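Step one of this worksheet: look at the structure below.
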């Protein structure tokens, strides 16, 4: 690694001050530390958010679950509150990485990083969640902006994410066996505002599948998706799978997600 200074603020105000001065935020460190070891990232100052209690925790507010940005994946997966109110989210969190990753990785870190094969972005977009920051509230539909890109401004810190509780929802993914990232993952939800379908792992970032949403809006059954195609041009292609393979997987995972939501 390159030389850097390390800060561990105890308050959100102190963290914001350091971030606005150019400090690199450290959440669970599952991406940043690996990048630093490979010398792909060389921040002069690292600001560890792990000491800020206000950024952690899970609570219910009306018809939504509010989860602090520094809440670990394992805490979401094991939370009785999440398992009762939004079991699809608990299931998704339990699929992230391996036990070690889930014990360190955080919701806010995953969302801010916006890896194109990450699981949490599919939940945010599939449920129509809201990202809370030190400056504003950002709807998920406007938050994710492509490969590792988000609507966050420099020095802006995610504090929590609020997830509306749907009528029913499910997440199914075809995992890359080594990394356990989603080769393709599909989050399906029936919400008060209609059906939402979010796809991760298939292209350059999470996206909503509008054709599937329309089909499921007419009939929320796996059979309704049988004739709905996914454009290969929207899919990525690499050593793990071609664009055609990923496009096919979207349909398979979506049908399984609907069946799981109905079970």
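Determine the calculated [θ] at 222 nm for the chain from helices alone, applying -39500 (n - 2.57) to every DSSP H run no shorter than 4 residues and normalising by the residue count; nearest 500 deg cm²/dmol. Write down the numbers at each step before the final one.
Numbers: 11 runs with 89 residues, N = 263.
That comes out to -9000 deg cm²/dmol.
Take every Cα pair under 8 Å in the range 55-158 that's 6+ residues apart, average their separations, divide by the length, and report that relative contact order as a whole percent. Write down the numbers at each step before the final one.
On the way: 150 pairs, mean separation 20.5, N = 104.
That works out to 20 percent.
Starting from 0.36 nm per residue, how many nanometres of slack lie between residue 168 and residue 151 once their C-alpha separation is accounted for? Show your work: numbers first, answer last.
On the way: separation 17, 0.36 × 17 = 6.12 nm, distance 2.82 nm.
Full extension of this stretch gives 3.3 nm more.
In percent, how large is the relative contact order of the range 1-54, given Cα pairs closer than 8 Å and 6 or more residues apart? Show your work: numbers first, answer last.
Working: 78 pairs, mean separation 31.4, N = 54.
The normalised contact order for the range 1-54 reaches 58 percent.
Out of 110, 79, 179, any idea which swings most in a Gaussian network model of the chain, alpha carbons joined below 10 Å?
179
Evaluate 2.2 N^0.38 Å with N set to the residue count of the range 1-54, then give the Cα radius of gyration divided by it.
Working: Rg = 11.0 Å, N = 54, 2.2 N^0.38 = 10.0 Å.
Rg over 2.2 N^0.38 Å, computed on Cα atoms: 1.10.
Within the range 46-70, list the residues whose amide N lies under 17 Å from a label point set 7 Å along Cα→Cβ of residue 35.
46-49
What's the center-to-center distance, using Cα atoms, between the range 131-191 and the range 10-66 in Å?
Distance between centres, Cα-based: 17 Å.
Rank these for me by crowding, 173, 37, going from fewest to most other beta carbons within 10 Å.
Working: 173 25, 37 10.
By the 10 Å Cβ count, ascending: 37, 173.
Could you sort 60-72, 139-151, 182-194 so that the peptide with the highest average Cβ count within 10 Å comes first and the rest follow in order? Don't jump to the answer; show the numbers that get you there.
Numbers: 60-72: 18.8, 139-151: 16.0, 182-194: 23.3.
The most tightly packed comes first, giving 182-194, 60-72, 139-151.
Tilt of helix 243-262 relative to the longest C-alpha principal axis of the chain, in degrees (0 to 90, nearest 10)?
80 degrees
Give me P(r) over the chain, computed from all C-alpha to C-alpha distances, binned every 10 Å, as integer percentages.
7, 31, 36, 19, 6, 1
Please sort 202-210, 125-133, 20-28 by packing, taking for each peptide the average over its residues of neighbouring beta carbons within 10 angstrom, highest first. If you can, show how the numbers build up before the last one.
Details: 202-210: 20.9, 125-133: 23.8, 20-28: 18.3.
Listed from highest to lowest mean packing, they are 125-133, 202-210, 20-28.
Given C-alpha coordinates of the range 168-262, what is the ratio Rg to Rh with the Kirkwood estimate of Rh? List each step's numbers first, then the result.
On the way: Rg = 12.5 Å, Rh = 13.1 Å.
Taking Rh as the inverse mean 1/r over Cα pairs, Rg/Rh reads 0.96.
Since every read-out is calculated from the coordinates, none of them should be taken as a lab result. Nothing here was measured: the structure is a model prediction, and the numbers come from that model. All Cβ positions, glycine included, derive from the backbone under ideal geometry; neighbour counts span all protein chains shown.
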